[in-house]
Amino acid sequence: MHEETVGSKIVKWVLIGVSVLFLVVMLLLPLATVISEALRDGWKTYQAAVTDKYTVKAVLLTLEATAIAVGVNTVFGVFAALAVTKYQFRGKKVLTTLIDVPVTISPIIAGLIFLLTFGRQSVIYPLLHDLGIHVVFAVPGIVLATIFVTFPFVSRELIPVLESQGTDEEEAAALMGANAWTIFRKVTFPHIKWALLYGVVLCAARAMGEFGAVSVLSGHLRGRTNTLPLHVEILFNEFQYVPAFAASSILVLMAIVILVIRSLIEHRGGKRDS
Amino acid sequence: MKIQKCIGLLLAAVLAGGTFTGCGDHNTVSIVNVSYDPTRELYTDYNTIFAEHWKEQTGQDVEVIQSHGGSGKQALEVANGLEADVVTLALEYDIDSLEKAGLIEDGWVDEFPDDSAPYTSTIVFLVRKDNPKHIQDWDDLVRDDVDVITPNPKTSGGARWNYLAAWAYADRKYNGDTQQTEDFVKKMYQNVLVLDSGARGATTTFVENGQGDVLVAWENEAYLSMRDNPEDYEIVNPSISILAQPSVAVVDDVVDDRGTRDVATEYLQYLYSDAAQRIAAKHYYRPTNSEILKEYADVFDLNIDLVSIQDFGGWDEAQKVHFSDGGIFDQIYEK
Amino acid sequence: MKKGSKRVIPGFGLSLGVTLSVLSIVVLIPLASLVVYTAKLSPAEFWETITRPRVLASFRVSLLTAFAASAINAVMGVILAWVLVRYRFPMKRMLNGMIELPFALPTAVAGIALTSLTADTGLVGKFFARFGIQIAYTRVGITVALVFVGIPFVVRTVQPILEKLDSTYEEAAGVLGASRIRIFWQVIFPEILPAALTGFGLAFGRCLGEYGSVVFIAGNQPYETEITPLIIMSKLQEYDYTSATSIALVMLVAAFLILFLTNLVQSRSSKILKGGQ
């Protein structure tokens, strides 16, 4: 970069100042509140709350649902982003908009529509019932809801990058006779790897924290279909103020772990790039 | 490679979902109790004594899986296929909705004693220590200098009892003059500072965030708030209140399907035993067994004049007149 | 080149196939049941349901606060992305790492924490109360909660673009004597605008539907601070699915339109970009 002038230095520090202030007030303070409430009655209470049998089960279920949702959405997101950016076809704008729609649906309504589709009042319920398939109020329902609310996150990260990259390189590779998989691996993937990482992390974070849609579909069966956010709600409603915040702090910690892993990958990748 | 991994993960997940429905061994029976907030601690204690009782009677182990949430939402889920053997909800109206959905047979209210309500509660006031605004009765809640916290009866089933308790008081005060009664209740809701969506949210607003002068709450919830901060709050019992009857029922459709009718019925029947009634009292629910209720006269104010939902013509009628679209509660907020 | 891009690149069938089938299972079929349910009402009934004064008032509250929050997030998101990509300063990696945290926190917990901070007894609320400004239990409070919920959207859509954006452009422009402000508006801004718009659209949609965090901070007074998702919730409590789905459908259409518009602008501006190159 060229030399920094005094003016640009001022701009730089003003912008940094604004950013830091914004993040501290809007982000760190609420999180600090969660942690301080969790520890309000001391370490012992906290420990008891986070090692509770049902809390641990809720953590495991949350991890399972998150892993599956991230997997499905990553595969889907890559294909969708490629379809939308690398090829020309009709109805493309409607398609991209449809992919975004799940984010904009109130989570409660999201849960409700799955309930109406797979629940007892649905036309396919007798069939599912006879086959012994439990969708709603069981793990598959929770997974579906989680996939739904995080649906566009990966593809949304990839589309702008692929769009600004254009199709020239892929076309050249195709003309030279490379097959689809090779083109993806050698040409496209290096462009999207950071965006993909962002998308996966975004998706994982949101999947862990999802509450509304899952809450409609879970049935709240303790130890079976309670995810961590649901467990937090139940504790809260039980007037267990401090344990509720303790359980929430696990979610914050889980998010931090994911974010640290991402930052490590970024760091290593960044070193190699430069 | 990555894609293969993902597909593998997906398959594993589907398998996991499948095994999930598998059953336990023969000598253990498991039933699901779909309940409302906040009965978790009550039923955790009760499940222990019930398991002993059932083992003694039949030699079988019983595992009770609990589910808690807002009463109306829980009913909605059962109606949509959540396989509950028994429901223990906040109001009769929610169980009626399951009857309408064809899951519970007509006449469930009379299946168990006392309108199938093994424990009851009532609506009281929680005020700040030493009662600085001198709140003694419902009249004080319509004073201009008093800010009230109570949840929205449209979103919280439990909060409908709060509204009806206020109505019952005004109705008595104005000798059944509907217009004056309506004005009284309207005035009270105009004093409501924050109309939370649920009972717990209202308590947080009042206790943690320090809003308002009085919280209108269920007796057992008021005691739960007191438990954490005994030196900061007081409970005030109004002269007239309502008998809140959380109802219980066996879900006929599910127990017939799963073959669990006996254990489900006994689970609810045993709630009326002396031991269970004492557990209810310990968790600040009023036992319906009057002998045991008297043992706890130092906890519960037995002099409150309690009206019941029958004085409102039953839940269907109360729902239609007060809480349906364009009903009296909506009119309160009409401009 | 624009007109001539036939499908030279292989793999079209597979990509579109996977996309459409997952989309149908996860999104389209469930959405269809929403429409089917709403169709149980006659058009007149539907219209009556969604035009009740309280419902209309809630649309206004929801749209206003969602718009304000996503606008704040759009501006702050671009600034954050810029700062995180272009500048070096201590603790930068930590800041960068925190952006997704709002997603992981269940919205209800966020709502409770924000309310206790901004109520007039809270740390932030006390400060503003001195100037007679109330945050919690007002529309300002709702906006605060929605800003929290939507932080990651714009940052994370703009960031990859800025990272890929070649600084040689700017350097060339700088060498040619363009001022910094001009460089930003004429070179950088058009590049990041589509991404920022996408982020804005997503944040807006998310804010329209947000329930968990808002109910705690809103005060929920009819006509004043009652949001549409809360009305939907109360309809569900009354077992009135058709009204609930009708109101939900209106929200859905609003969100869909906004997304469609931002997508339109996005593809238009990316076309301009390519044409300009």
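Computed values, structure above
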read-out	value
Qualifying residue in the range A:71-79 (condition: under 26 Å from the mean Cα position of the chain (by Cα), assigned by TED's automatic domain parsing to the domain that holds residue A:194 and under 27 Å from residue C:69 (Cβ atoms))	yes
Total residues in the range B:51-70, condition more than 11 Å from chain A (Cβ to nearest Cβ) and surrounded by 24 or more Cβ atoms within 10 Å (Cβ to Cβ)	0
Only one of C:138, C:168 that is more than 8 Å from chain A (Cβ to nearest Cβ) and either on the phi > 0 side of the Ramachandran plot or modelled with pLDDT of 85 or more (or both)	C:138
Any hit, the range A:106-126, residues being more than 9 Å from every other protein chain (Cβ to nearest Cβ), modelled with pLDDT of 90 or more, crowded, with 22+ Cβ neighbours inside 10 Å and assigned to a helix (DSSP H, G or I)	no
Candidate set: the range B:221-267, residues that are assigned to a loop (DSSP other than H, G, I, E, B) and open to solvent by 50 Å² or more (accessible area, probe 1.4 Å); chosen: the one farthest from residue B:41 (Cα to Cα)	B:239
Any hit, the range C:32-44, residues being modelled with pLDDT of 85 or more, more than 30 Å from residue C:218 (Cα to Cα) and crowded, with 19+ Cβ neighbours inside 10 Å	no
Conditions (1) at positive phi; (2) facing chain C (nearest Cβ under 7 Å); (3) in contact with a Leu (Cβ under 9 Å, 6 or more places away or on another chain); number of the one not met by residue A:166	(3)
Any hit, the range A:209-223, residues being within 7 Å of chain C (Cβ to nearest Cβ) and surrounded by fewer than 21 Cβ atoms within 10 Å (Cβ to Cβ)	no
Odd one out for residue C:55 among (1) of a type in the set (Val, Ile, Thr); (2) within 14 Å of chain A (Cβ to nearest Cβ); (3) under 25 Å from the mean Cα position of the chain (by Cα)	(2)
Count of residues meeting criterion [touching a helix residue (DSSP H, G or I) at 6+ places or on another chain (Cβ under 8 Å) and surrounded by fewer than 21 Cβ atoms within 10 Å (Cβ to Cβ)] in the range B:146-177	3
Long-range neighbours under 7 Å by Cβ, at least six apart or interchain, first residue more than 20 Å from residue A:235 (Cβ to Cβ) within the range B:40-51, second of a type in the set (Ser, Thr, Tyr)	B:50/B:267; B:50/B:270
Of the criteria (1) at pLDDT 85 or above; (2) surrounded by 21 or more Cβ atoms within 10 Å (Cβ to Cβ), which one residue C:106 fails	(1)
Members of the range A:160-181 found to be of a type in the set (S, T, N, Q) and surrounded by 14 or more Cβ atoms within 10 Å (Cβ to Cβ), listed by number	A:164, A:165, A:167
Residue match in the range A:196-203 (condition: farther than 21 Å from residue A:85 by Cβ, part of a helix (DSSP H, G or I), open to solvent by less than 10 Å² (accessible area, probe 1.4 Å) and among the aliphatic types (A, V, I, L, M))	yes
Single match in B:158, B:210, B:198, B:107 (criterion: touching a Gly at 6+ places or on another chain (Cβ under 7 Å) and not hydroxyl-bearing (Ser, Thr, Tyr))	B:198
Search result, residues across the range C:47-76 that are open to solvent by 50 Å² or more (accessible area, probe 1.4 Å) and closer than 15 Å to residue C:248 by Cα	C:47, C:48, C:52, C:56, C:60, C:63
Close pairs (6 angstrom Cβ cut-off, 6 or more residues apart or separate chains): more than 16 Å from residue C:90 (Cα to Cα) in the range A:4-23, assigned to a helix (DSSP H, G or I) anywhere	A:22/C:76
Test: residue in the range A:88-102 that is facing chain C (nearest Cβ under 7 Å), under 27 Å from residue A:217 (Cβ atoms) and in a loop (DSSP other than H, G, I, E, B)	no
Single condition residue A:249 does not satisfy, out of (1) open to solvent by 10 Å² or more (accessible area, probe 1.4 Å); (2) farther than 24 Å from residue B:196 by Cα; (3) more than 8 Å from chain C (Cβ to nearest Cβ)	(1)
Total residues in the range B:185-212, condition away from chain C (no Cβ under 14 Å) and surrounded by 22 or more Cβ atoms within 10 Å (Cβ to Cβ)	2
Candidates B:96, B:110, B:106 - the one that is at pLDDT 90 or above and buried (at least 19 other Cβ atoms within 10 Å of the Cβ)	B:96
Any hit, the range C:178-200, residues being assigned to a loop (DSSP other than H, G, I, E, B) and more than 7 Å from chain A (Cβ to nearest Cβ)	yes
Residue list for the range C:75-111, filter: at the interface with another protein chain (Cβ under 7 Å from one of its Cβ atoms) and touching an Asp or Glu at 6+ places or on another chain (Cβ under 8 Å)	C:106, C:107, C:108
Residue match in the range C:139-148 (condition: open to solvent by less than 30 Å² (accessible area, probe 1.4 Å) and part of a loop (DSSP other than H, G, I, E, B))	no
Subset of the range A:47-70 (residues that are within 10 Å of chain B (Cβ to nearest Cβ) and within 12 Å of the chain's Cα centre (by Cα))	A:65, A:67, A:68, A:69, A:70
Test: residue in the range A:84-94 that is modelled with pLDDT of 90 or more and open to solvent by less than 20 Å² (accessible area, probe 1.4 Å)	no
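Per-residue answers, yes or no, for (1) touching an Asp or Glu at 6+ places or on another chain (Cβ under 9 Å); (2) farther than 28 Å from residue C:231 by Cβ; (3) among the polar types (S, T, N, Q):
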| site | (1), (2), (3) |
| --- | --- |
| A:110 | no, no, no |
| A:113 | no, no, no |
| A:124 | no, yes, no |
| A:141 | no, no, no |
| A:147 | no, no, no |
| A:151 | yes, no, no |
| A:157 | no, yes, no |
| A:175 | no, yes, no |
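The values are calculated or read from the model by the stated rules, or taken from the named source; none is laboratory data. Just so you know, these numbers come straight off a predicted model, no measurement behind them. Every residue, glycine among them, receives a Cβ derived from its backbone with ideal geometry; neighbour counts consider all protein chains shown. Surface areas here come from the heavy atoms of the whole protein model, side chains and all, with no ligands, DNA or RNA. Shrake-Rupley method; radii C 1.70, N 1.55, O 1.52, S 1.80 Å.
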